[in-house]
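What follows is one structure encoded as C-alpha cells, with my remarks underneath.
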Amino acid sequence: MMYPLVGDLAADGIPVAVTCRVLGFSKQAYYAWRSRPVTDRDWDDAHLINAAIDIHHDDPEFGYRFIADELPARGIAAGRNRVHRLCSTARLFSAHSKKRGTARRPGPPVHDDLVERDFTADRPNRLWLTDITEHPTAEGKIYLCAIKAACTNRIVGYSIDNRMTSQLAVNALANAVALRRPAGTVVHSDRGSQFRSHAYVHALRTAGLTGSMGRVGACADNAAMESFFALLQKNVLNRRRSWATRQDLRLAIVTWIEKTYHRRRRQDRLGHLTPVEYETLLQAAHAA
C-alpha cells in the first residue's frame, strides 16, 4: 500500500501529482483511497480473522477447513479459499499439521503435574484421569475421550465423536460432572491440545475442578488410562478384522464399557471386585 506515502511526501512539500506519477497510479485513485481508507472488503476480512482467531483459540487443532465450517455459526459466510488465505496471513494452522523436516513441538502445560504417577485415591471423586484414543472404521476414524476414577477404576464419563476437537473433551467432562457432581476433583491428562484449549480449561474452572498435566512424551505419566485403552483394544477393537461403520464401533465400545468393564470384569486391584461392586461397597461403608 503506497497511498499513505503520498500523504507523507505531500506534507514535506512534494506535489501529489508528482508522487502519484512516479509511483505509477493516478491522483483519482489516491483521493478515492483517502476519502475511504478502509474498504468494505478490508472490514469484512478483519471480522473474519477475529472470528477465526477465536475459533482456533478454542480448538487449536482446527485448520482452515474446520474454521471455514464453523464461521457460518458466527454469522460469517466465506469460501474456503478466502479462509485459507486469511488464516495463512494470520498464521493460524492446525496443531496437528507438520512441515517437512520439522517436528511439531508440544504446547506448554496449562496445569502443574499434581499426580506424579501416583494413580491412587481414597474416594471415587478425588482423582480422575482422562485421555483420548482413536480407532479406524471403513467410514473413517472415531475418537473416544474417557474419564476414569482412580479410586474405583470406573469410567465416570466419556464422549465419542467423528472429530478430535476440544468439544470432545468438554463433552466427556460435562458427562462426568452431570453424573457424579464432584467438588474439588483433580482431573489429570496429557498435554494434548484438546486439554490445553480455552474451552476445556474454562469447563474445568466452571465445574470447580482442578487440572493436572503430565510431562511431554512420558506415557507413564498417564499409565492408568493407557491400561484402560489397552483393554479396550484387546477386548473390542481386535475382535474384528475391520469395522464397517462408525455406529457399529460406537455401539460396541459403549456396550463393553457399561456391560462388561463396569459390571463383569473383576480387577485384582479392587479385591477381585468389579468397579460397580467396589464403588457400592465404598458408598455403603461411607453411609455406615
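The values are calculated or read from the model by the stated rules, or taken from the named source; none is laboratory data. Because the structure is predicted, anything quoted here is derived from the model rather than measured. Here the Cβ is made from the backbone with ideal geometry for all residues, glycine too, and neighbour counts use every protein chain on show.
Below are the figures for this structure:
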{"read-out": "Residue identified as at pLDDT 90 or above, out of contact with any Gly (no Cβ under 6 Å at 6 or more places or on another chain) and closer than 22 Å to Arg269 by Cα among Ala230, Ala220, Ala138, Ala224", "value": "Ala230"}
{"read-out": "Test: residue in region 135-148 that is touching a His at 6+ places or on another chain (Cβ under 9 Å), in a loop (DSSP other than H, G, I, E, B) and under 21 Å from Leu114 (Cα atoms)", "value": "no"}
{"read-out": "Helices (runs of 4 or more DSSP H) enclosed by region 182-288 - at least 3 residues per element that are without any contact (Cβ under 8 Å) to a residue 24 or more places away in the chain", "value": "198-206, 223-235, 246-255, 275-287"}
{"read-out": "Hits in region 85-97 (condition: exposed (fewer than 11 other Cβ atoms within 10 Å of the Cβ) and either of a type in the set (D, E, K, R) or modelled with pLDDT under 70 (or both))", "value": "Arg91, Ser97"}
{"read-out": "Residues within region 149-181 that are in a loop (DSSP other than H, G, I, E, B) and on the phi < 0 side of the Ramachandran plot, tallied", "value": "8"}
{"read-out": "Among residues of region 1-31, those that are surrounded by fewer than 13 Cβ atoms within 10 Å (Cβ to Cβ), not in a helix (DSSP H, G or I) and not aliphatic (A, V, I, L, M), counted", "value": "5"}
{"read-out": "Single condition Asn125 does not satisfy, out of (1) farther than 24 Å from Arg265 by Cβ; (2) in a loop (DSSP other than H, G, I, E, B)", "value": "(1)"}
{"read-out": "Considering residues of region 266-282 that are β-branched (Val, Ile, Thr) and either in contact with a helix residue (DSSP H, G or I) (Cβ under 9 Å, 6 or more places away or on another chain) or closer than 20 Å to Ala224 by Cβ (or both) only, the residue surrounded by the fewest Cβ atoms within 10 Å (Cβ to Cβ)", "value": "Val276"}
{"read-out": "Options Ala46, Ala78: the member that is modelled with pLDDT of 80 or more and either touching a Phe, Trp or Tyr at 6+ places or on another chain (Cβ under 9 Å) or aliphatic (A, V, I, L, M) (or both)", "value": "Ala78"}
{"read-out": "Residue pairs meeting the criteria (Cβ under 7 Å; at least 6 apart or on separate chains; first closer than 12 Å to Ile55 by Cβ and in a loop (DSSP other than H, G, I, E, B), in region 73-100; second modelled with pLDDT of 75 or more and of a type outside the set (A, V, I, L, M))", "value": "Ile76/His47"}
{"read-out": "Residue satisfying all of: in region 42-84; under 20 Å from Leu168 (Cβ atoms) and among the charged types (D, E, K, R); surrounded by the most Cβ atoms within 10 Å (Cβ to Cβ) among these", "value": "Asp59"}
{"read-out": "Conditions (1) closer than 25 Å to Glu116 by Cα; (2) surrounded by fewer than 19 Cβ atoms within 10 Å (Cβ to Cβ); (3) over 16 Å from the mean Cα position of the chain (by Cα): number failed by Arg241", "value": "(1)"}
{"read-out": "Residue in region 141-150 that is β-branched (Val, Ile, Thr), closer than 27 Å to Gly208 by Cβ, modelled with pLDDT of 85 or more and more than 20 Å from the chain's Cα centre (by Cα) present", "value": "no"}
{"read-out": "Qualifying residue in region 148-159 (condition: basic (Lys, Arg) and crowded, with 18+ Cβ neighbours inside 10 Å)", "value": "yes"}
{"read-out": "Positions within region 173-203 being of a type in the set (Lys, Arg) and crowded, with 19+ Cβ neighbours inside 10 Å, in sequence order", "value": "Arg191, Arg196"}
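Quick grid of which residues meet (1) at pLDDT below 90; (2) out of contact with any helix residue (DSSP H, G or I) (no Cβ under 7 Å at 6 or more places or on another chain); (3) within 19 Å of Thr120 (Cβ to Cβ); (4) of a type in the set (Val, Ile, Thr):
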position: Tyr200; (1), (2), (3), (4): no, no, no, no
position: Gly214; (1), (2), (3), (4): yes, no, yes, no
position: Ala284; (1), (2), (3), (4): yes, yes, no, no
position: Ala288; (1), (2), (3), (4): yes, yes, no, no
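Results for (1) in contact (Cβ under 8 Å) with a residue 40 or more places away in the chain; (2) in contact with a Phe, Trp or Tyr (Cβ under 7 Å, 6 or more places away or on another chain), shown as yes or no for each residue.
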position	(1), (2)
Asp118	no, no
Gly157	no, no
Leu168	no, yes
Ala172	yes, yes
